[in-house]
1. In whole percent, how big is the carbon plus sulfur part of the accessible area of segment B:6-100, probe 1.4 Å, protein atoms only?
2. At a probe of 1.4 Å, how much accessible area disappears from chains B and A on forming the pair, both sides counted, to the nearest 100 Å²?
3. What fraction of the DSSP beta bridges in chain B is antiparallel, stated in percent and rounded to the nearest 5?
4. Compute the FRET efficiency between residue A:78 and residue B:28 as 1/(1 + (r/R0)^6), taking r as their Cβ-Cβ distance and R0 = 25 Å, and round to the nearest 0.05.
5. Can you tally the net charge around residue B:28? Count Lys and Arg as +1, Asp and Glu as -1, for every other residue whose Cβ sits under 13 Å from the Cβ of residue B:28.
6. What whole-number distance in Å separates the alpha-carbon centres of segment B:1-58 and segment A:1-47?
7. Which residues of segment B:1-35 show a drop of at least 10 Å² in accessible area when all protein chains are present, compared with their chain alone (probe radius 1.4 Å, heavy atoms only, ligands and nucleic acids excluded)?
8. Taking 37 °C and 0.692 mPa s as the conditions, I'd like the Stokes-Einstein D for the protein assembly as shown in µm²/s, using the Kirkwood hydrodynamic radius from alpha carbon pairs.
Protein chains: 2
Amino acid sequence: MSYFEKHVFFCTNQRPNNESCCADCHASAAHAHAKERIKKLGLNGQGKIRMNKAGCLDRCDEGPVMVVYPEGVWYTYVDISDVDEIIDSHLVGGEIVERLRLP
Amino acid sequence: MSYFEKHVFFCTNQRPNNESCCADCHASAAHAHAKERIKKLGLNGQGKIRMNKAGCLDRCDEGPVMVVYPEGVWYTYVDISDVDEIIDSHLVGGEIVERLRLP
């Protein structure tokens, strides 16, 4: 069994030279919101869910991006309500949010 | 199939207040070395291997730590030669390095 049941990585990278990147799309705020929500649900910690910041996930053109392991499902999101939907539907309910999923 | 065949996250977090953390163990240098080595081997990119920096992976007492997805195998390492062994044995050869593996 994995150390975390779900390990989620938000790209929060800030590219130099004002190039567009996930950090421009409030990725750090999205991560912070997700982490707090999981905590409030009592789902954070070993054997449960971990929300992590990550460096550049190398899918800049599709950003902002996040990835859920171990299943390796990638998402983009526009706002906090999208993040909430991913948490409620996928992480808690086990159902992938196809409308936000990246190929 | 996953976007990356192997997605590796190095904790490169720097804790405040001089608390011991992965960043004190040259984690950023280890990540940079691993990224460069994978590139030299021609194994970086979509469908292959991605070496990522990550925020705190929440296993500080066992650090420095890294995790390999999708299999969810966690490692600690002491120096660059350990990182090379993980690359050669696990990422390239498919054989987990048990002596460095975390439970």
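1. Summing carbon and sulfur atoms, their accessible area is 46 percent of the total for segment B:6-100.
2. 1600 Å²
3. Of those bridges, close to 55 percent are antiparallel.
4. The calculated FRET efficiency here is 0.20.
5. Value of the local net charge: 0.
6. Cα centres, segment B:1-58 to segment A:1-47: 16 Å.
7. B:2, B:3, B:4, B:7, B:9
8. 190 µm²/s
The values are calculated or read from the model by the stated rules, or taken from the named source; none is laboratory data. No experiment lies behind these values; they were computed from the predicted model shown. Reconstructed Cβ throughout: ideal geometry from the backbone, glycine too, with neighbour counts over all protein chains shown. Please note that ligands, DNA and RNA were not included when accessible areas were found on the heavy atoms of the full protein model with its side chains. Shrake-Rupley method; radii C 1.70, N 1.55, O 1.52, S 1.80 Å.
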